[in-house]
Amino acid sequence: MKEMARYGFILAFICVVAAGLLAIVNTLTGPKIIAAAQSEEQAALKEVMPLAAKFTAVKPPAAEEILYYKAFDAQGKLIGFVFKASGKGYSSVIETLAGIFPDGKISAIKIISLNETPGLGMRVAEDKFTAQFNRQSSLDLFGVQAITGATISSRAVMNSVMKKAQEIKALIKNDPFDGSTKLTIDTEQGRSVDSAQGHAELTKGESKHDK
């Protein structure tokens with residue numbers, strides 16, 4: 001009986017020590033992990049909206065989900081918006097980060113997550129495909145050509161971007177989150193701060209292409 005109690009005490013002691021070590025590791029590495037994630041996010045936002053100096057994340061009140069980002073230049077002028085879109089590809093969900101100008105044209109896109117067929121569907125992440133979106137109307141992406149042999153993956157990106165762009169433009173136009181929580185990401189200072197900047201409506205008059 002005493003032997004069992006001794007083993008139980010040793011086991012409990014080991015568990016306490018292990019838990020303490022894990023807590024210490026989390027304390028030391030937690031801030032670094034957060035900083036790395038913020039840095040990666042800033043780089044991705046900057047990639048699809050290169051002229052922006054600050055990004056403001058717009059979220060509904062009391063919600064964690066980010067609806068979209070507002071992009072501002074160094075003078076504080078609103079120059080566009082950035083959003084995430086996702087669509088079902090051939091073998092995975094493809095997530096895309098897209099920037100859009102106030103006139104409704106795409107600034108640029110970046111594939112941020114996918115697991116498609118190597119050599120085929122994975123090619124949608126290549127510049128040869130994503131660069132086609134630059135300055136295209138978000139209404140139809142008329143100038144974007146699907147990749148031969150990866151039509152499903154290509155269409156997943158194109159359709160998800162067009163659909164999400166329309167949703168985001170409706171949100172901006174209706175401005176339903178005037179009192180929402182916003183987080184400003186300063187790409188020059190590399191930090192995040194709370195912001196109370198107001199919304200601006202997406203201008204109308206998007207370019208239309210004949211099909």
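Any idea how many residues of segment 97-140 are on the phi > 0 side of the Ramachandran plot and surrounded by fewer than 16 Cβ atoms within 10 Å (Cβ to Cβ)?
Selection size over segment 97-140: 2.
List the pairs whose first member sits in segment 64-87 and is in contact (Cβ under 8 Å) with a residue 60 or more places away in the chain and among the hydroxyl-bearing types (Ser, Thr, Tyr), whose second member is surrounded by 18 or more Cβ atoms within 10 Å (Cβ to Cβ) and not in a strand (DSSP E or B), and whose Cβ atoms are under 6 Å apart, counting only residues at least 6 apart or on separate chains?
That search, which allows pairs on different chains as well, returns 68/168; 86/160.
Restricting attention to segment 153-175, which residues are farther than 16 Å from residue 97 by Cβ and in contact with a helix residue (DSSP H, G or I) (Cβ under 7 Å, 6 or more places away or on another chain)?
Matches in segment 153-175: 153, 154.
Return yes or no: is residue 44 at pLDDT below 95, within 25 Å of residue 146 (Cβ to Cβ) and surrounded by fewer than 22 Cβ atoms within 10 Å (Cβ to Cβ)?
On the way: at pLDDT below 95: yes; within 25 Å of residue 146 (Cβ to Cβ): yes; surrounded by fewer than 22 Cβ atoms within 10 Å (Cβ to Cβ): yes.
In short, yes.
State all residues of segment 91-149 that are touching a Leu at 6+ places or on another chain (Cβ under 9 Å), acidic (Asp, Glu) and not in a strand (DSSP E or B); if no residue qualifies, say none.
Listed by number, the list holds a single entry, 103.
Give segment 120-164 a look and list any residue that's in contact (Cβ under 8 Å) with a residue 40 or more places away in the chain and of a type in the set (A, V, I, L, M), or say none.
139, 150, 152, 156, 157, 161 - these are the residues of segment 120-164 that are in contact (Cβ under 8 Å) with a residue 40 or more places away in the chain and of a type in the set (A, V, I, L, M).
Scanning for something at pLDDT below 90, closer than 24 Å to residue 64 by Cβ, out of contact with any strand residue (DSSP E or B) (no Cβ under 6 Å at 6 or more places or on another chain) and hydroxyl-bearing (Ser, Thr, Tyr), does segment 184-195 turn up at least one residue? Spell out how you get there, then give the answer.
Pass one, segment 184-195, residues at pLDDT below 90: 184-195.
Of the ones still in play, those that are also closer than 24 Å to residue 64 by Cβ are 184-187, 189-195.
Remaining after also requiring out of contact with any strand residue (DSSP E or B) (no Cβ under 6 Å at 6 or more places or on another chain): 187, 189-191, 194.
If we keep only those that are hydroxyl-bearing (Ser, Thr, Tyr) as well, we get 187.
Taking every residue of segment 184-195 in turn, at least one turns out to be at pLDDT below 90, closer than 24 Å to residue 64 by Cβ, out of contact with any strand residue (DSSP E or B) (no Cβ under 6 Å at 6 or more places or on another chain) and hydroxyl-bearing (Ser, Thr, Tyr).
All but one of (1) out of contact with any helix residue (DSSP H, G or I) (no Cβ under 8 Å at 6 or more places or on another chain); (2) surrounded by fewer than 18 Cβ atoms within 10 Å (Cβ to Cβ) hold for residue 88; state the number of the condition that does not hold.
It is condition (1) that residue 88 fails.
The values are calculated or read from the model by the stated rules, or taken from the named source; none is laboratory data. Since we're looking at a predicted model, the values are computed, not measured. We place every Cβ from the backbone using ideal geometry, glycine too, and count neighbours over all the protein chains shown.
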